[in-house]
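Take a look at the structure set out below.
The values are calculated or read from the model by the stated rules, or taken from the named source; none is laboratory data. Keep in mind that this is a model prediction, so the values were computed, not measured. Every residue, glycine as well, gets a Cβ built from its backbone with ideal geometry; the counts of neighbours run over all protein chains shown. Please note that ligands, DNA and RNA were not included when accessible areas were found on the heavy atoms of the full protein model with its side chains. Shrake-Rupley method; radii C 1.70, N 1.55, O 1.52, S 1.80 Å.
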Amino acid sequence: MSASGGTKAIVAALLANLSIAVAKFVAFLFSGSSSMLAESVHSLADSGNQGLLLLGGKRAQREATPQHPFGYGRERYIYAFLVSIVLFSVGGMFAIYEGYEKIQHPHEIEHWYWPVGVLVFAIIAETFSFRTAIKESNALRGTQSWKDFVRHAKAPELPVVLLEDLGALVGLFLALGGVGLALLTGDGIWDGIGTLCIGVLLILIAVVLAAETKSLLLGEAAGLDDVRKIEAALVDGDTVPRVIHMRTLHLGPEELLVAAKIAVRHDDTATEIATAIDAAESRIREAVPIARVIYLEPDVYSESEAAKGPDPTATPGGPTHPDPTH
């Protein structure tokens, strides 16, 4: 996985979550707090999620094969999608079940100093992990807002770690609130309510992650900035006077496919056209280095044809027929 994949942030989150999971489970054994049990499962699930992200990054580095000629870059998207499923099922659903059971059968928290001490330790560890993820993300997001960064990032690892760490911190404060109210009131139902809130939070984060990684799996175009750079690189005003139409597709976070129909002069020879295409490809790769797969189709630009508008047969889905049997 490249540096942009946020390996440092993933490893920091993995180490933090493993240590926190052990501490929370020990606190559960001594106190009987359901919030602690839910949080220990949450941290264990998060640790598994970071392992999945690292595995996806490793598998994505495999060389292309005849069966997979565009390589395995999208494996990173698949494993990020698996993370959302694990977060939903193991983290969110388990916490809701445990919270419901605790509300139905509340009992007083024993040895209160265990859960409180562990939660404070966990907040400190998660803050360190979250700080690392923010630092790694700031190097990539530029002037984007955090919302736009999560929505439009082509590398899924950093948005996943960011949302996981944010959810973990909020969940820890919810657990601390539930344990604190249970201790103040002597009513263990508050511990169950805190656990339910943790479950709802994890499910919401899982839904957001699933939606974003689903979009990446379906195939996203290059960002607007890269599209503009590619278009500017294609046109040199002489051999390639204009771009007739162009489409881009991310084959992986750091691999972009570019397919374009470019205008050439009507009296150019085959050799001149081939030379123009080679030069255009070089300019694209210089402008946008992740554009590794490029297909350029030469054509003679026609004002009259352009005036007719886009050709439906040139769209990815082909022409639209009113009769579904066509």
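Candidates are the residues of the stretch 222-256 that are of a type in the set (A, V, I, L, M, F, W, C), open to solvent by less than 40 Å² (accessible area, probe 1.4 Å) and part of a loop (DSSP other than H, G, I, E, B); the one that is farthest from Gly73 (Cα to Cα) is Val240.
Here are some residues: Val264, Val300. Which one is surrounded by 13 or more Cβ atoms within 10 Å (Cβ to Cβ) and either modelled with pLDDT of 95 or more or not basic (Lys, Arg) (or both)?
Val264
Looking only at residues of the stretch 76-103 that are open to solvent by 50 Å² or more (accessible area, probe 1.4 Å) and under 15 Å from the mean Cα position of the chain (by Cα), we find that the one that is modelled with the highest pLDDT is Ile78. Report, by residue number, each residue of the stretch 105-120 that is in contact (Cβ under 8 Å) with a residue 40 or more places away in the chain, more than 13 Å from Met36 (Cα to Cα) and either of a type in the set (A, V, I, L, M, F, W, C) or surrounded by fewer than 17 Cβ atoms within 10 Å (Cβ to Cβ) (or both). Within the stretch 105-120, His107, Glu108 qualify. Checked against (1) open to solvent by less than 60 Å² (accessible area, probe 1.4 Å); (2) within 15 Å of the chain's Cα centre (by Cα); (3) not basic (Lys, Arg), Val207 passes all but a single condition, namely (1).
Each residue in the stretch 234-254 was checked for being within 21 Å of Val300 (Cβ to Cβ) and not basic (Lys, Arg), and 12 of them qualify.
Using the structure shown, decide if Ala27 is closer than 30 Å to Pro115 by Cα and small (Gly, Ala, Ser).
Values: closer than 30 Å to Pro115 by Cα: yes; small (Gly, Ala, Ser): yes.
It is true that Ala27 is closer than 30 Å to Pro115 by Cα and small (Gly, Ala, Ser).
Within the stretch 57-66, can one find any residue that is of a type in the set (A, V, I, L, M, F, W, C), crowded, with 17+ Cβ neighbours inside 10 Å, in a loop (DSSP other than H, G, I, E, B) and within 24 Å of the chain's Cα centre (by Cα)? Yes: one or more hits.
Are any of the residues in the stretch 189-202 among the small types (Gly, Ala, Ser), crowded, with 22+ Cβ neighbours inside 10 Å, at pLDDT 85 or above and part of a loop (DSSP other than H, G, I, E, B)? Write out each step before concluding.
Taking the stretch 189-202 as the starting set, the residues that turn out to be among the small types (Gly, Ala, Ser) are 192, 194, 199.
Next cut, crowded, with 22+ Cβ neighbours inside 10 Å only: 192, 194, 199.
Restricting the remaining residues to those that are at pLDDT 85 or above gives 192, 194, 199.
Filter again for part of a loop (DSSP other than H, G, I, E, B), leaving none.
Among the residues of the stretch 189-202, not one is among the small types (Gly, Ala, Ser), crowded, with 22+ Cβ neighbours inside 10 Å, at pLDDT 85 or above and part of a loop (DSSP other than H, G, I, E, B), which makes the answer no.
In the stretch 214-226, the residues that are without any contact (Cβ under 8 Å) to a residue 40 or more places away in the chain and of a type outside the set (D, E, K, R) form no Cβ pair under 8 Å with any partner that is assigned to a loop (DSSP other than H, G, I, E, B) and open to solvent by 40 Å² or more (accessible area, probe 1.4 Å), whether six or more places apart or across chains. Applying the criterion of being surrounded by fewer than 21 Cβ atoms within 10 Å (Cβ to Cβ) and not in a helix (DSSP H, G or I) to the residues of the stretch 142-153, the residue that is farthest from the chain's Cα centre (by Cα) is Thr143.
A single entry from Ile85, Ile123, Ile78, Ile134 fulfils the requirement of being in contact with a Phe, Trp or Tyr (Cβ under 8 Å, 6 or more places away or on another chain) and assigned to a helix (DSSP H, G or I): Ile123. For residues that are under 37 Å from the mean Cα position of the chain (by Cα) and in a helix (DSSP H, G or I), tally how many sit in the stretch 257-272. The total comes to 0.
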